[in-house]
Amino acid sequence: MRIVSLAPSNTEIAFALGLGEFVVGVDDHSDFPPEVARLPRVGPDLTIDIDRVAALEPDLVLASLSVPGMERNVEALRRRGLPHLVLNPQRWPEVLASIQAVATATGRDERGRELVRQLEARAAAVRQRMARLAARRGRPWRLYLEWWPRPLITPGRRSWFTDMAEMAGGQNIFADLDRTSGVVEPEAVVARVPDVILLCWCGTLQGHMDPSRVAARPGWGRLEAVARGRIVPLPEALFGRPGPRLVEGLERLAGLLAGFVQEEAGEGGPGEDGSSGSAAVPPGR
């Protein structure tokens, strides 16, 4: 079996299913696990070189529609008659279903079911732990996640982040928008009063996520999230890739919010046991 992956999330799914020895090519952005460094590259995930893909003689190409523009890759695969599977998960259950779809397509059904069970168990543990903290706090954390800073792009209802926020005891402040993601105005973010601002800029902008520049945006200084320094850069690999490592992102988000609960407890708010003072908060990853 010869597999070519056209997106980092697909590459990570294949390796998590134990298919690494069969992966013969990946897109330019795949960087996990470390073994992918030795593999041939077939171009950036938005502009795949189909000739390179075809030259690798794949039995299966794992394509994706997780980023607008990837449709061109799928059309090219169809024109060339290359065998492919297109993944387009939006919500958390669909991410799990896409993992199982790859497992089924490659004869790894049981391995897929076991991996999904593990991910579900880890997510359930986070949900249970954070539900207790949310109940003590009295209200969910209002979370604003920023995929892109110019213009501001944030996830809407049809996003795995919306599910991750809820599992971690929070809520996506733009979950009412019926879309995967989209542009919002800076004033709209301020009007929705986020408790925490999460930066997860995609691609080359990762190294430029500067909370001080975000805090300096007009009108944002009056937000409590800014006043308390709750502007947090996050690794795109754990939040922006619909694959098995999203659960690591979930655990990291839970640990972040649990830490904020402990801060509030130290300021005289209710601790995890309902008392004032420092709370013993189970850490996330």
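The values are calculated or read from the model by the stated rules, or taken from the named source; none is laboratory data. It should be emphasised that the depicted structure is a prediction, and the values quoted were computed from it without experimental measurement. Cβ: placed from backbone, ideal geometry, glycine included. Neighbour counts: every protein chain shown. These area figures cover heavy atoms from the full protein model, side chains too; ligands, DNA and RNA do not enter into them. Shrake-Rupley method; radii C 1.70, N 1.55, O 1.52, S 1.80 Å.
A few notes on this one:
- Candidates are the residues of segment 229-254 that are out of contact with any strand residue (DSSP E or B) (no Cβ under 7 Å at 6 or more places or on another chain), under 19 Å from Asn172 (Cα atoms) and basic (Lys, Arg); the one that is most open to solvent (accessible area, probe 1.4 Å) is Arg252.
- Qualifying residue in segment 113-134 (condition: closer than 30 Å to Arg2 by Cα, over 14 Å from the mean Cα position of the chain (by Cα) and among the basic types (Lys, Arg)): yes
- Residue in segment 114-128 that is surrounded by fewer than 17 Cβ atoms within 10 Å (Cβ to Cβ), touching a strand residue (DSSP E or B) at 6+ places or on another chain (Cβ under 9 Å) and on the phi < 0 side of the Ramachandran plot present: no
- Annotation note: of Gln90, Gln100, the sole residue that is polar (S, T, N, Q), out of contact with any strand residue (DSSP E or B) (no Cβ under 9 Å at 6 or more places or on another chain) and assigned to a helix (DSSP H, G or I) is Gln100.
- The lone exception for Glu57 - which of (1) among the charged types (D, E, K, R); (2) closer than 15 Å to Val24 by Cβ; (3) surrounded by 15 or more Cβ atoms within 10 Å (Cβ to Cβ) it fails: (3)
- Failed item, numbered, when Leu82 is tested on (1) assigned to a helix (DSSP H, G or I); (2) surrounded by 15 or more Cβ atoms within 10 Å (Cβ to Cβ): (1)
So that you can scan it fast, the table gives a plain yes or no per residue for (1) farther than 24 Å from Arg245 by Cα; (2) in contact (Cβ under 8 Å) with a residue 24 or more places away in the chain; (3) in contact with a helix residue (DSSP H, G or I) (Cβ under 6 Å, 6 or more places away or on another chain):
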site	(1), (2), (3)
Leu39	no, no, no
Val42	no, yes, yes
Asp45	no, yes, no
Pro58	yes, yes, no
Leu65	no, no, no
Pro68	no, no, no
Asn88	no, yes, no
Ala103	no, yes, yes
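- Taken together, the residues in segment 40-54 that are under 24 Å from the mean Cα position of the chain (by Cα), surrounded by fewer than 21 Cβ atoms within 10 Å (Cβ to Cβ) and among the aliphatic types (A, V, I, L, M) amount to 1.
- On the stretch given as segment 47-68, residues that are polar (S, T, N, Q) and touching a His at 6+ places or on another chain (Cβ under 7 Å) total 0.
- When segment 22-37 is filtered for residues that are open to solvent by 10 Å² or more (accessible area, probe 1.4 Å), among the charged types (D, E, K, R) and without any contact (Cβ under 8 Å) to a residue 24 or more places away in the chain, the ones remaining, listed by number, are Asp28, Glu35.
- The lone criterion from (1) touching a strand residue (DSSP E or B) at 6+ places or on another chain (Cβ under 8 Å); (2) free of Cβ contacts under 8 Å to residues at least 40 places away in the same chain; (3) among the hydrophobic types (A, V, I, L, M, F, W, C); (4) open to solvent by 20 Å² or more (accessible area, probe 1.4 Å) left unmet by Val74 is number (4).
Residue-wise test of (1) under 30 Å from Ala124 (Cβ atoms); (2) of a type in the set (D, E, K, R).
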residue: Ala168; (1), (2): yes, no
residue: Leu177; (1), (2): yes, no
residue: Thr180; (1), (2): yes, no
residue: Glu187; (1), (2): no, yes
residue: Cys200; (1), (2): yes, no
residue: Met209; (1), (2): no, no
residue: Arg213; (1), (2): no, yes
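Results for (1) in contact with a Ser or Thr (Cβ under 9 Å, 6 or more places away or on another chain); (2) under 20 Å from Arg122 (Cα atoms); (3) not in a helix (DSSP H, G or I), shown as yes or no for each residue.
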site: Val226; (1), (2), (3): no, no, no
site: Leu238; (1), (2), (3): no, yes, no
site: Arg241; (1), (2), (3): yes, yes, yes
site: Val247; (1), (2), (3): no, yes, no
site: Glu251; (1), (2), (3): no, yes, no
site: Leu256; (1), (2), (3): no, yes, no
